[in-house]
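Student: Take this structure first; my questions come after.
The values are calculated or read from the model by the stated rules, or taken from the named source; none is laboratory data. Please read these numbers as outputs of a predicted model, since none were measured by experiment. Reconstructed Cβ throughout: ideal geometry from the backbone, glycine too, with neighbour counts over all protein chains shown. Keep in mind that these areas ignore ligands, DNA and RNA; they rest on the heavy atoms of the full protein, side chains included. Shrake-Rupley method; radii C 1.70, N 1.55, O 1.52, S 1.80 Å.
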Amino acid sequence: MPEFPLINQPAYSQEESFSIMVRKCSDLVFPYHIHPDFQLNYVVEGKGMRVVGDHSEEYQSGDLVLIGPNLPHYWTYDEDFRKETGNGRVIVIHFNRNFAGTDFIRLPEAKPIHEMFEKSYRGLCFTGEPKLKVCQMLMNIETAPSLMRLVLLISVFAELAFSSDFYFLAGPAYDDKKISEQEMRIKRVINFISMHYNDNDLSLEKLANMASMSPTSFSKYFKKQTGQNYIEVLTGLRLSEVCKLLGNTDLSIAQVASRCGYNNLSNFNKLFKKQYKCTPKQFVERIKNAN
């Protein structure tokens, strides 16, 4: 992994105001990176992990997100899903603020779109009924004539701009559009935690060293940027994977704990019970009874 996110150039030529790509969902797997464009992602069919800034969560078919410029991100693709279903399908649109002309975004009628773009610097994940209408538009946009593509894209943004069915992905620290070198280091560390949460030696000292900070300074800054200390973030990622494995594999509880970075079974059981108000064994039994 590079020290900082890769910086990609615009995905469209000077003869275009935006690009539309319909790709295999497995093609979303790309190194941790940023780019100067906005990105609208609609996963038609797929499953994996989505990391945007300091936020990570599993995505499913139907996932619709808008990512602002210079917001670090990457996707993974679930290997089991690929084996069962195939490479999936995703519609990716890259554009800049002036995609409809330099004056469009300044029009009073376009104010809701402008405000949505400002929010997208933290990344937005859309849910609910408006998303269904937008996804249908996106299914039609690839084969539409060039002028109709522009009209459809504006219509997509108009629908999303008036929707209240969304949530932010990255934390408040990403509201600042100018990413300092120190902030980029922190983001790199968060990304590293997301990818290596099952390492047994993922210590505060190791992460602080990656950020070129003392453990004390790193701990304070990490908490300020994310609202959590690194142990809370690490525990959340590990236990989320634990639940996934307990519900979808025949591994023993001890094997699952070890795979997710817990060699001390007693400590693991205490953390699990504190988080989910039941023991891992009770959790497995509930899953079996539900099936």
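Student: Rounded to the nearest 0.05, what FRET efficiency is calculated for Leu251 and His196 with R0 set to 22 Å and r the Cβ-Cβ distance? If you can, show how the numbers build up before the last one.
Tutor: Numbers: r = 20 Å, r/R0 = 0.91.
Once rounded, the FRET efficiency stands at 0.65.
Student: Roughly what angle does helix 146-161 make with the longest principal axis of the chain, taking Cα atoms, 0 to 90 degrees, to the nearest 10?
Tutor: Rounded to the nearest ten degrees, it is 50.
Student: Work out how much length Ser214 to Lys111 would gain on full extension: take 0.36 nm times their residue separation and subtract the Cα-Cα distance, in nm to one decimal. Write out the running numbers ahead of the final one.
Tutor: Working: separation 103, 0.36 × 103 = 37.08 nm, distance 4.41 nm.
Using 0.36 nm per residue and subtracting the Cα-Cα distance, I get 32.7 nm.
Student: Quote the accessible area belonging to Tyr77 in square angstrom, nearest 10, computed with a 1.4 Å probe and with ligands, DNA and RNA left uncounted.
Tutor: Ignoring ligands and nucleic acids, Tyr77 comes out at about 30 Å².
Student: On average, how much accessible surface per residue is there in the chain, in Å², for a 1.4 Å probe, leaving out ligands, DNA and RNA?
Tutor: On the way: 14900 Å² over 291 residues.
It amounts to 51 Å² per residue over the chain.
Student: Here's something else I'd like to know. Run the numbers on the chain and let me know its relative contact order in percent, using alpha-carbon pairs under 8 Å that are six or more apart.
Tutor: Details: 440 pairs, mean separation 45.8, N = 291.
Rounded, it is 16 percent for the chain.
Student: What size of dipole, in debye to the nearest 20, comes out for the chain about its Cα centre when the only charges are +1 on Lys and Arg C-beta atoms and -1 on Asp and Glu C-beta atoms? Mind dumping the intermediate values first?
Tutor: Details: 34 positive and 33 negative charges, 189 e Å.
Rounded to the nearest 20 debye, it is 900 debye.
Student: Tell me the label only: which of (i) -0.40, -0.50, -0.73, -1.11; (ii) -0.34, -0.43, -0.64, -1.02; (iii) -0.30, -0.38, -0.58, -1.00 is log10 I(q)/I(0) by the Debye sum over Cα atoms at q = 0.08, 0.09, 0.11, 0.14 Å⁻¹ as calculated from this structure?
Tutor: (i)
Student: Provide Ile20, Ile91 ordered by accessible surface of protein heavy atoms (probe 1.4 Å), highest first. Numbers along the way, then the final one.
Tutor: On the way: Ile20 30, Ile91 5 Å².
Greatest to least solvent exposure: Ile20, Ile91.
Student: Continuing with this model, one more query. Would you mind finding the longest exposed-site-free stretch of the chain, with exposed trypsin sites (Lys or Arg not before Pro) meaning DSSP loop and at most 12 other Cβ atoms within 10 Å? Each step should come with its number before you reach the end.
Tutor: On the way: sites that count: Lys177, Lys178, Lys277.
Answer from the scan: 1-176.
Student: Ignoring any ligand, DNA or RNA, what whole percent of the accessible area of the range 84-135 comes from carbon and sulfur when the probe is 1.4 angstrom?
Tutor: Working: 1260 of 2500 Å².
That fraction is 50 percent.
Student: Name the residue farthest towards the positive end of the dipole of the range 64-129 from the options Val90, Ser120, Trp75, assuming +1 on Cβ of Lys and Arg, -1 on Cβ of Asp and Glu, about the Cα centre.
Tutor: Of Val90, Ser120, Trp75, it is Ser120.
Student: Using only the alpha-carbon atoms, how far is helix 215-226 inclined from the longest principal axis of the chain? Give it as 0 to 90 degrees, nearest 10.
Tutor: Helix 215-226 sits roughly 50 degrees off the main axis of the chain.
Student: Something else now. Please name which of Pro130, Leu207, Phe99 has its Cα lying farthest along the dipole of the chain towards the positive end, using unit charges on Cβ (Lys, Arg +1; Asp, Glu -1) and the Cα centre as origin.
Tutor: Ranked along the dipole, the leading option is Leu207.
Student: Find me the longest stretch of the chain that has none of the exposed GluC sites (Glu not before Pro), where exposed means in a DSSP loop (not H, G, I, E or B) with at most 15 other Cβ atoms within 10 Å.
Tutor: Numbers: sites that count: Glu3, Glu15, Glu16, Glu142.
With a cap of 15 other Cβ atoms within 10 Å, the longest stretch comes to 143-291.
Student: Estimate the FRET efficiency between Thr143 and Asp27 by the formula 1/(1 + (r/R0)^6), using the beta-carbon distance for r and 22 Å for R0, to the nearest 0.05. Write out the running numbers ahead of the final one.
Tutor: On the way: r = 20 Å, r/R0 = 0.89.
Using R0 = 22 Å, I get an efficiency of 0.65.
Student: Heavy-atom accessible area of Ile113 with all protein chains present, probe 1.4 Å, nearest 10 Å²?
Tutor: The accessible area of Ile113 comes to roughly 10 Å².
Student: Now for a separate question. Let's test the formula: R0 of 35 Å, r as the Cβ-Cβ distance of Ser19 and Ser240. What FRET efficiency results, to the nearest 0.05? If you can, show how the numbers build up before the last one.
Tutor: Numbers: r = 33 Å, r/R0 = 0.95.
Given R0 = 35 Å and the Cβ-Cβ separation, E is 0.55.
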